[in-house]
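Colleague: The structure under discussion is supplied below as structure tokens; questions concerning it will follow.
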Amino acid sequence: MPDIYYLMLICITAMLGVLIFTLLFFEFFCDSKNIYLLICGLAFLGSALYSLGAIYLAKKLFNYCMNAYSIINNLKVLYLFRQGTLVMLMSVAVYYFLRIKSDVLPRERDYAIIFILVIGVILGGYVAYDIQQQELLLSSEIEEQTGFYSSHILNVFICFWFLLSVVIALTVDLQNRLMLGLSIYVVSNIFSTIIMLAVDNGNPGAWYISRLMEFVFTFIFIVVLLYDVCLTNKKSTHLSTLDQMTDIYNGAHFYRELRSVLKQRNLVFQPYVPLPAPDEVSVSWEIRFQF
């Protein structure tokens with residue numbers, strides 16, 4: 001039963017990652033200056049791809065197509081490559097966010113860098129798949145012979161996540177809602193990776209706790225992202241209908257409402273001429289509705 005719950009958790013986490021990428025991509029499409037949004041979305045998309053690999057392995061476990069030792073080995077490989085993809089791309093995203101604060105507009109080479117990052121994510125997935133096929137890197141025999149254990153890689157990732165969280169705290173304005181959500185997600189990865197160290201110490205339940213923490217904070221990030229999208233849409237609607245200086249309805253709002261009224265049926269246009277003032281004559285028009 002825990003394996004079924006694990007599979008459901010990974011499926012939902014993968015779908016959340018794809019949804020986050022989609023939302024961030026459209027935000028980048030609306031304002032191509034924010035390259036960091038596209039890179040951050042690419043990080044979650046890469047994470048979702050590795051989650052799909054974990055789902056495929058879990059399916060093999062249920063069908064008894066692979067022994068449990070190989071499943072655990074391959075899940076570790078996917079997890080390590082996933083962590084490497086996340087920490088690398090999120091570091092690049094923070095760098096580009098700081099560049100935007102310095103009013104540095106994107107250049108053509110920046111889009112070339114994004115293309116290289118996409119190729120890197122694809123190659124990372126291919127290398128992870130090749131390692132799984134050969135059952136290298138994390139097999140107990142190699143670990144005992146070389147003295148290089150997977151916990152060493154996890155310690156490196158913990159250091160990278162910690163450094164990234166320090167950089168965000170010192171340099172990034174956390175009033176930006178997306179960066180606030182990203183900082184929470186980065187800090188959560190520190191603790192989830194620390195929990196993963198317990199797996200190498202013979203506590204398999206730590207794996208499920210780590211994955212549950214990942215799901216919870218991914219969900220928190222997408223809530224923050226949706227909240228930011230709603231506020232951005234509200235602000236855009238406000239700017240499109242109200243004048244910034246006087247805060248009254250502008251001409252665009254008037255003509256939009258007029259077009260909607262003209263589409264209605266049974267309208268009667270009747271001129272309305274009030275009594276002229278002593279020194280001026282004013283003529284206005286009244287629209288009356290007949291239902």
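The values are calculated or read from the model by the stated rules, or taken from the named source; none is laboratory data. Predicted, not measured: the structure shown is a model, and the values here were computed from it. Methodologically, a virtual Cβ is constructed for each residue, glycine included, from the backbone with ideal geometry; neighbour enumeration extends over all protein chains shown. Calculation scope for accessible area: heavy atoms of the full protein, side chains included, ligands and nucleic acids excluded. Shrake-Rupley method; radii C 1.70, N 1.55, O 1.52, S 1.80 Å.
Colleague: Any residue at all in the stretch 36-59 that's at pLDDT below 85 and at positive phi?
Modeller: No, there is no match, as no residue in the stretch 36-59 is at pLDDT below 85 and at positive phi.
Colleague: Test V121 against the stated conditions and say whether it is modelled with pLDDT of 80 or more, open to solvent by less than 90 Å² (accessible area, probe 1.4 Å), closer than 25 Å to L38 by Cβ and β-branched (V, I, T).
Modeller: On the way: modelled with pLDDT of 80 or more: yes; open to solvent by less than 90 Å² (accessible area, probe 1.4 Å): yes; closer than 25 Å to L38 by Cβ: yes; β-branched (V, I, T): yes.
Yes: the conditions hold for V121.
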